[in-house]
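For reference, the structure discussed in these notes is given below.
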Amino acid sequence: MSRALYPRLRLNVFPTPYCAGCGHGILLGALVRAMDAAELDWSKTVFVSGIGCAAWIPSPHFNADTLHTTHGRAVAFATGVKLANPALNVVVVSGDGDLTAIGGNHLIHAARRNLRLTVICANNRIYGMTGGQVAPTTPTGCITQTSPWGMEEAPFDLCELVRGAGGTFVARNTVFQIHKLIKNLTDALTADSFSFVEVLSPCPTHFGKLNKTPTLGDFYRDMKSAYIDRQRFDKLSEEERLGKVPTGVWRAKR
Ligand code: SF4
Ligand code: MG
């Protein structure tokens with residue numbers, strides 16, 4: 001762990017509870033670095049999370065005010081904090097199941113309202129902490145504990161979902177593309193609007209094991225080849241886009 005991170009963390013709770021190879025520890029470090037790059041005052045920032053592995057990123061690890069709330073309700077609690085004290089920076093960190101299944105309505109209405117919150121969704125494409133159940137982000141055909149013959153439905157495209165609900169700052173990157181991820185997080189934290197960042201973060205324990213990803217290196221290599229800059233993605237033919245996911249920032253005006 002970098003010494004520069006020490007003052008930002010509650011060192012007495014380390015090491016993190018994350019499994020070997022989990023992406024959430026990388027996201028934890030990226031968010032601390034983005035907070036400092038954005039020059040946000042930690043004493044005027046509240047981190048809010050729901051329930052799940054990703055919800056443990058700020059709470060208990062960050063040396064800051066944190067609200068570890070109920071399943072699916074992180075954005076609702078964050079809305080309350082912001083309305084009570086608009087001067088605070090309010091940052092939500094939670095998982096794909098928490099934010100886009102149980103908490104899906106809170107997410108889309110926060111985007112529609114354009115309240116100045118930052119929502120960071122650690123997307124591991126499965127329910128991790130509860131044992132590997134199917135999520136709205138599970139890709140078609142993938143195995144989970146509750147889709148043993150393969151997911152039959154199409155997954156949500158989270159960035160499209162938030163953009164469609166009115167989100168004006170929307171970004172996607174992976175824990176593999178760390179410098180781009182830190183930049184996306186920094187820009188989201190300083191956006192003058194609701195901002196949403198989807199972060200692909202692998203869960204080798206459930207998603208990897210059930211979908212027989214041979215090694216952790218393969219997992220990260222697959223992510224590198226599938227998640228490509230949106231400028232590059234836009235130049236591909238329909239056929240070439242199969243299996244690829246665009247990354248980067250989408251900004252819109254209201
Ligand atoms: Fe990470 Fe998955 Fe382990 Fe949770 S279960 S800590 S998401 S690898
Ligand atoms: Mg998940």
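Couple of notes before you dig in:
- Modelled label reach - L11, point 7 Å along Cα→Cβ, the stretch 35-71 residues with backbone N closer than 15 Å: 62-63
- Three-way shape call for the stretch 1-126 based on the alpha-carbon gyration tensor, with the a/c threshold at 1.5: oblate
- Prolate/oblate/rounded call for the stretch 8-74, Cα gyration tensor, a/c under 1.5 rounded: oblate
- The overall shape of the stretch 191-234, judged from the alpha-carbon gyration tensor, is oblate: a/c is not under 1.5, and a/b is no greater than b/c.
- The residues neighbouring A34, those whose beta-carbon lies less than 13 Å from its own, together hold a net charge of +1 under the Lys/Arg +1, Asp/Glu -1 convention.
- Of K183/K235; K44/K253; K180/K244; K180/K224, pairs whose Cα-Cα distance is over 20 Å: K183/K235; K44/K253
- Residue by residue, the stretch 16-24 carries 3J(HN,Hα) couplings of 5, x, 6, 5, 4, x, 5, x, 5 Hz when phi is fed to the Karplus relation 6.51 cos²θ - 1.76 cosθ + 1.60 (θ = phi - 60°); x denotes Gly or Pro.
- Within the chain: Cβ-based charge dipole about Cα centre, in debye rounded to nearest 20 (Lys, Arg +1; Asp, Glu -1): 480
- Residue-normalised accessible area of the stretch 69-125, given per residue in Å² at a 1.4 Å probe: 34
- The stretch 40-92 pair-distance distribution - Cα-Cα, 10 Å bins, rounded %: 28, 57, 15
- Mean-position separation - Cα centroids, the stretch 19-85 and the stretch 164-199, in angstrom: 14
- Here is the list for the stretch 106-159: chymotrypsin sites (Phe, Trp or Tyr not before Pro) lying in DSSP coil, each with at most 12 other C-beta atoms within 10 angstrom of its C-beta, are W149.
- Virtual spin-label span in nm between T140 and R241, 7 Å along Cα→Cβ: 1.4
- Heavy-atom accessible surface of the chain: percent carbon and sulfur, 1.4 Å: 55
- Solvent-accessible area per residue, Å², over the stretch 135-254 with all protein chains present [probe radius 1.4 Å]: 52
- With both residues required to sit in the stretch 154-254, DSSP beta bridges show an antiparallel share near 30%.
- With a Förster radius of 30 Å applied to the beta-carbon distance between E39 and H179, the computed FRET efficiency rounds to 0.95.
- Comparing N124, C53, V13 along the charge dipole axis of the chain, the residue lying farthest to the positive side is V13, per the Cβ-charge model.
- At full extension, R251 and K224 could sit 7.4 nm farther apart than now, given 0.36 nm per residue minus the alpha carbon distance.
The values are calculated or read from the model by the stated rules, or taken from the named source; none is laboratory data. Small disclaimer: the values here were computed from a predicted structure and weren't measured. Virtual Cβ from ideal backbone geometry, glycine too; neighbours counted across all protein chains shown. Please note that ligands, DNA and RNA were not included when accessible areas were found on the heavy atoms of the full protein model with its side chains. Shrake-Rupley method; radii C 1.70, N 1.55, O 1.52, S 1.80 Å.
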